[in-house]
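The values are calculated or read from the model by the stated rules, or taken from the named source; none is laboratory data. Just so it is clear, the structure is predicted and the values come from calculations on it, not from any experiment. In this analysis, Cβ positions are derived from the backbone assuming ideal geometry, glycine residues included, and neighbour counts consider all displayed protein chains.
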Amino acid sequence: MIDINTAWDELKERVAACKKCGLCETRNNTVFGDGNINSRVVIIGEAPGEEEDATGLPFVGKAGQLLTAILEKGGSIPRKSVYIANVVKCRPPDNRNPNLQEVSACREYLDAQLLLLRPMIVVTLGNVPTQAILRTSTGITSLRGRWFDWRGVKVFPMFHPSYLLRNDSRAKGSPKDLTYQDVKALKKKIDEIEIITRQNNKE
Ligand code: URA
């Protein structure tokens, strides 16, 4: 039988040593992921930025602080209760979007993480993770706030917090307003899943 903890540690070591694409030349640290590995919810971002590259932790810069506030204040979802990772584990220079070759080189690590974590809900932030997971070219504006099925997992795209930093209005119908609606819908689904899981465990 596979020992999950050993498989997880081995995967982390493989990511730390990875040289599958050119991003290994400029990274300071790989950013594997962080959070509750027993969570039923995994949040997937795009790629590390400067602070993440410096610390080896996902979403610790400005976008990360906004993500934490949205989860905790908007959705009453403690950041520590979920697991957070990125599609691409190394920082693209100048925070450019990772290209298709980098996304596909890194894909096996994300797939292995999801296989080991076995989440019930995957939240994808912005175009890069949403399009990578759902294998679509449709944009985030059409996909956000809707539930999709991916290999039996519920996928819920939301706007990326960096996009919200650039679009700060809280006016009705603005990206930020929609995101606060989305995180409430996310919390509702997490609560529903918890009730069903508790009932199933009693039976
Ligand atoms: N943006 C991301 O997509 N991921 C991070 O870890 C930080 C910023």
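In segment 122-131, is there at least one residue being free of Cβ contacts under 8 Å to residues at least 12 places away in the same chain and not polar (S, T, N, Q)? Please lay out each step first, then the result.
Step one: filter segment 122-131 for residues free of Cβ contacts under 8 Å to residues at least 12 places away in the same chain, giving 131.
When the remaining residues are screened for being not polar (S, T, N, Q), the result is none.
There is no residue in segment 122-131 that is free of Cβ contacts under 8 Å to residues at least 12 places away in the same chain and not polar (S, T, N, Q).
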Legend entry - Top-ranked residue in segment 112-132 [being β-branched (Val, Ile, Thr) and within 21 Å of residue 38 (Cα to Cα); ranked as surrounded by the most Cβ atoms within 10 Å (Cβ to Cβ)]: 124
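Does segment 55-70 contain at least one residue that is farther than 24 Å from residue 166 by Cβ and of a type in the set (Lys, Arg)? It would help to see each step written out before you state the result.
Keep residues of segment 55-70 that are farther than 24 Å from residue 166 by Cβ, which gives 56.
Applying the additional criterion that residues be of a type in the set (Lys, Arg) yields none.
Among the residues of segment 55-70, not one is farther than 24 Å from residue 166 by Cβ and of a type in the set (Lys, Arg), which makes the answer no.
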Legend entry - segment 17-53, residues that are of a type in the set (A, V, I, L, M, F, W, C) and within 19 Å of the chain's Cα centre (by Cα): 31, 32, 37, 41, 42, 43, 44, 47
Legend entry - Residue tally, condition within 13 Å of the ligand (Cβ to nearest atom), within 18 Å of residue 157 (Cβ to Cβ) and of a type outside the set (S, T, N, Q), over segment 36-94: 15
Inset, instruction - Specify which of the listed residues (76, 81, 104) is among the small types (Gly, Ala, Ser), touching a Lys or Arg at 6+ places or on another chain (Cβ under 7 Å) and either more than 25 Å from residue 186 (Cα to Cα) or modelled with pLDDT of 95 or more (or both). - result: 76
Inset, instruction - Output the residues belonging to segment 67-106 that are touching a helix residue (DSSP H, G or I) at 6+ places or on another chain (Cβ under 7 Å) and charged (D, E, K, R). - result: 72, 79, 89, 91, 102
Inset, instruction - Can you run down the residue pairs with Cβ atoms below 7 Å, 6 or more apart or on separate chains, where the first is in segment 82-100 and more than 16 Å from residue 122 (Cα to Cα) and the partner is aromatic (Phe, Trp, Tyr) and surrounded by 15 or more Cβ atoms within 10 Å (Cβ to Cβ)? - result: 89/32; 89/109
Legend entry - Conditions (1) more than 9 Å from the ligand (Cβ to nearest atom); (2) closer than 23 Å to residue 142 by Cβ; (3) in contact with a Phe, Trp or Tyr (Cβ under 9 Å, 6 or more places away or on another chain); number of the one not met by residue 98: (3)
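Within segment 36-77, restricting attention to residues that are of a type in the set (Asp, Glu) and part of a helix (DSSP H, G or I), which residue is surrounded by the most Cβ atoms within 10 Å (Cβ to Cβ)? Quick ask: steps written out before the conclusion?
Here is the first cut: in segment 36-77, the residues of a type in the set (Asp, Glu) are 46, 50-53, 72.
Filter again for part of a helix (DSSP H, G or I), leaving 50-53, 72.
Values: 50: 12, 51: 17, 52: 26, 53: 22, 72: 15.
Checked segment 36-77; the qualifying residue surrounded by the most Cβ atoms within 10 Å (Cβ to Cβ) is 52.
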Inset, instruction - Search segment 20-35 for residues being more than 12 Å from the ligand (Cβ to nearest atom) and either closer than 19 Å to residue 127 by Cα or polar (S, T, N, Q) (or both), and hand back the single one that is surrounded by the most Cβ atoms within 10 Å (Cβ to Cβ). - result: 28
Inset, instruction - Kindly list the number of the only condition in (1) within 14 Å of the chain's Cα centre (by Cα); (2) touching a residue at least 12 places away in the same chain (Cβ under 8 Å); (3) closer than 13 Å to residue 34 by Cα that fails for residue 56. - result: (1)
Legend entry - Sole exception among (1) under 25 Å from residue 49 (Cβ atoms); (2) free of Cβ contacts under 8 Å to residues at least 60 places away in the same chain for residue 202, by number: (1)
